[in-house]
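**Q** Let me give you the structure first, and then I'll get to my questions.
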Amino acid sequence: MIFSDLKNWQREKQVYPKAINRGLEYIQNTDFSAMKPGNYEIAGNLMFAMLQERTTTSWQTRQPESHQTYTDIQYLIEGEEMIRVAHLTGEEVISNDYFEERDLAFYSKVGPETSLLLQPGSFAVFYPGDVHLPVCSVTEDKPLRKVVIKIHKSLLFY
């Protein structure tokens, strides 16, 4: 997992994988204000952006998730968001397994979690193995606008 913002990324990018930097360059060079929510190709199905407008809710009403094939860069454009994070330890309990169809599983039980506060300009990178619970309210339910860059593992690990 990586947690940073675009200002710090400029100083840190020499240690990031090339694919992560490509996704962050896309974020930095794209005017999302003129775009509608939806999916946008960057490198076909190997890397694409999902522009989202959502409303945060209490973390207690949501389920943590993870992926096996794609790494996420979650970048906050507007609003505020808490994302809870835990590492896969083998002790978690999967409540819904959609890995085959959607590269997604939800969990009813995970290990100890840490919370990240995303504000406009900040991002988090979640690799396979990083369980995350996005779109959580900080103090109350509020709208947010974010982009999630999905990066296929073949661009990172091979």
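The values are calculated or read from the model by the stated rules, or taken from the named source; none is laboratory data. No experiment lies behind these values; they were computed from the predicted model shown. A quick note on method: Cβ atoms are made from the backbone with ideal geometry, for glycine too, and the neighbour counts reach across all protein chains shown. What goes into the accessible areas is simple: the full protein's heavy atoms, side chains included, and nothing from ligands, DNA or RNA. Shrake-Rupley method; radii C 1.70, N 1.55, O 1.52, S 1.80 Å.
**Q** With a cut-off of 14 Å, note down the residues of the range 60-79 whose backbone N falls inside the zone around a label point 7 Å from the Cα of Phe106 toward its beta carbon.
**A** 60-66, by backbone N distance to the label point.
**Q** Over the range 1-146, calculate the relative contact order: mean separation of alpha carbon pairs under 8 Å at least 6 apart, over the residue count, as a percent.
**A** For the range 1-146, the relative contact order is 35 percent.
**Q** Here is a follow-up. Between Thr57 and Thr114, what is the label-to-label distance in nm when each label sits 7 Å out along the Cα-to-Cβ direction?
**A** 2.7 nm
**Q** Ignoring ligands, DNA and RNA, what accessible area per residue does the chain give at 1.4 Å, in Å²? Don't skip to the answer; put the middle values down first.
**A** Details: 8290 Å² over 158 residues.
On a per-residue basis, the chain sits at 52 Å².
**Q** Return the sequence-ordered ³J(HN,Hα) values of the range 62-75 in whole Hz as given by the Karplus equation 6.51 cos²θ - 1.76 cosθ + 1.60 applied to θ = phi - 60°, using x for Gly and Pro.
**A** Once θ is set to phi - 60°, the couplings for the range 62-75 become 10, 10, x, 9, 8, 10, 10, 9, 10, 9, 9, 10, 10, 10 Hz.
**Q** Restricting to Cα pairs below 8 Å that are 6+ residues apart, what does the relative contact order work out to for the range 63-139? Please round to a whole percent. Before the final figure, lay out the partial values.
**A** Working: 175 pairs, mean separation 39.6, N = 77.
51 percent.
**Q** Turning to a different aspect of this structure: For the chain, what does the helix formula give at 222 nm: sum of -39500 (n - 2.57) over DSSP H segments with n ≥ 4, over the residue count, nearest 500 deg cm²/dmol?
**A** Numbers: 4 runs with 27 residues, N = 158.
Mean residue ellipticity at 222 nm (helix-derived): -4000 deg cm²/dmol.
**Q** Among Ile77, Ala49, Ile20, whose Cα sits farthest toward the positive end of the charge dipole of the range 11-85 (+1 at Cβ of Lys/Arg, -1 at Cβ of Asp/Glu, about the Cα centre)?
**A** Ile20
**Q** Would you work out the charge dipole size for the chain about its Cα centre, treating the Cβ of every Lys and Arg as +1 and the Cβ of every Asp and Glu as -1, and quote it to the nearest 20 debye?
**A** On the way: 16 positive and 21 negative charges, 84 e Å.
Around 400 debye, computed over the chain.
**Q** To continue, here is another question. Does the range 17-158 classify as rounded, prolate or oblate by the C-alpha gyration tensor (a ≥ b ≥ c root eigenvalues; a/c under 1.5 gives rounded; else a/b over b/c gives prolate, otherwise oblate)? Before the final figure, lay out the partial values.
**A** Values: a/c = 1.78, a/b = 1.13, b/c = 1.58.
Here the range 17-158 falls in the oblate category.
**Q** Using a 1.4 Å probe and counting only protein heavy atoms, arrange Lys7, Lys150 so the residue with the most accessible area comes first.
**A** Working: Lys7 165, Lys150 20 Å².
Reading off the accessible areas and sorting them downward yields Lys7, Lys150.
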